[in-house]
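This report concerns only the one structure given below.
The values are calculated or read from the model by the stated rules, or taken from the named source; none is laboratory data. Worth saying up front: this structure is predicted, and the values here are computed from it rather than measured. Virtual Cβ from ideal backbone geometry, glycine too; neighbours counted across all protein chains shown. With ligands, DNA and RNA removed, areas are computed over all heavy atoms of the protein, side chains included. Shrake-Rupley method; radii C 1.70, N 1.55, O 1.52, S 1.80 Å.
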Amino acid sequence: MLLSTYLKQNADADLAYLLDNVMVACKDIAFRLNQGALAGILGAAGTENVQGEDQKALDVISNDLLKDTLLSSGVVRGIASEEEDLPVAGSADGKFLVLFDPLDGSSNIDVNLSVGTIFSILPAADGADGGAEATYLQSGRNQLAAGYVLYGPSTLLVMTLGKGVDIFTLDTKIGEFVLTKEQVKVPETTKEFAINMSVQRFWEAPMQQYIADCIAGETGPLGKRYNMRWVASMVAEVHRILTRGGIFMYPYDNREPGKPGKLRLMYEGNPMSFLLEQAGAMSTTPYENIMDINPEKIHQRCGVVLGSKEEVKTVQSYYKI
Ligand code: AHG
Ligand code: MN
Ligand code: MN
């Protein structure tokens, strides 16, 4: 089934039109990633985003493609992006707010590994200003739709409208996404974890203990031999977990004062949590479910522990939650 047919059957007309617009931009991003060095667009942009991270040229290009497409769609009140300091207003009568990470895992661009786009769609309250941060400060439970596009060997769209998670593959012959997997469910148990071990000493004590016990394997208290993966691209990690289970963690750490954790709540934590919960998995900080957080800032960070339900609960037991 084509994505356009699926959207006609599963979303109201405005939301379907909006999601179609998001995919217009994502298909363009896929094309540019594919061109890479041929188009001279690899490497740094020479600028920093509001979070003090160096931007890649493709971070900026992807942001501009999404921003321009969405703001001219007529149905978007405003957008918020990892690469924009402040939200940008769109149409005064637009029904939707779109929050996005235009290119996730962008340290992988220059080495030709998987990257992705993450999006979260929130309702715009009547009369709310699409250019005001306060308009966007809604919990993840308000999301109308969320998903990611994974630019890997195939370009995939993984999306939820609150009725399970479905996967679409971009058929480059026809330039359309085609439904290829319905109602994804994450296995409840796993022996595979993903975490950046190089920052181990900065984690809280319970996380240090949990990972030490994973590494102790079948002779340790967890009684099983684990495997480890780290792609450094949240989209790719979440996709692996949706496909075969696992646990992904970017926990709080005290590496840099004022930055308790790396991932951002509103355009990384919330959309991924919506997908995970819709696929029968869990997503926590691990103190609380990520979608229950009431945001205070658009670029707010949160700890992330997500994946197979039983394993996430095991992590929480180390925190005595
Ligand atoms: P982004 O490229 O949007 O800034 O996000 C990168 C994130 C996430 O995708 C990944 O899980 C993590 O940062 C990788 O972190 P390390 O650099 O610590 O491996
Ligand atoms: Mn990211
Ligand atoms: Mn990014």
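For the chain, what is the relative contact order in percent, using Cα pairs closer than 8 Å and at least 6 residues apart in sequence? Dividing the mean separation by the residue count of the chain yields 15 percent.
Per-residue Karplus couplings for the range 250-255, computed as 6.51 cos²θ - 1.76 cosθ + 1.60 with θ equal to phi - 60°, are listed in order as 10, x, 3, 8, 10, 4 Hz, Gly and Pro entered as x. Taking GluC sites (Glu not before Pro) across the range 217-321, the ones in a DSSP loop with at most 16 further Cβ atoms lying within 10 angstrom of their Cβ are 288, 296.
A simple packing score, the average count of other Cβ atoms within 10 Å per residue, orders the peptides 178-186, 112-120 as 112-120, 178-186, with the highest score first. Legend: residues 292, 28, 166, sorted from most to least accessible area (1.4 Å probe; ligands, DNA and RNA excluded), read 292, 28, 166. If you fit an axis through the alpha-carbon atoms of helix 234-244 and take the longest principal axis of the Cα set of the chain, what angle between them do you get, 0 to 90°, nearest 10? Taking Cα atoms only, the helix is inclined about 70 degrees. Packing-based ranking of 76-89, 38-51 yields 76-89, 38-51, ordered from highest to lowest mean Cβ neighbour count within 10 Å.
Residues in the range 196-211 carry Karplus couplings, in order, of 7, 4, 5, 10, 3, 5, 8, 6, 5, 4, x, 5, 4, 5, 4, 5 Hz; the curve used is 6.51 cos²θ - 1.76 cosθ + 1.60 with θ = phi - 60°, and Gly or Pro positions show x. Compute the distance from the alpha-carbon center of the range 129-189 to that of the range 213-280, in whole Å. Cα centroid to Cα centroid, the span is 18 Å. Taking 191, 56 and ordering them by how much accessible surface each has at a 1.4 Å probe, largest first, produces 191, 56. Remark: the range 280-287, residue by residue, has Karplus-estimated 3J(HN,Hα) of x, 10, 10, 8, 9, 8, x, 6 Hz, where x stands for each Gly or Pro and the curve is 6.51 cos²θ - 1.76 cosθ + 1.60 at θ = phi - 60°.
Here the gap between residue 188 and residue 50, fully extended at 0.36 nm per residue and compared with their Cα-Cα distance, gives a gain of 45.9 nm. Computed over the chain, the per-residue total of -39500 (n - 2.57) for DSSP H runs of n ≥ 4 gives a 222 nm mean residue ellipticity of -9000 deg cm²/dmol, rounded to 500.
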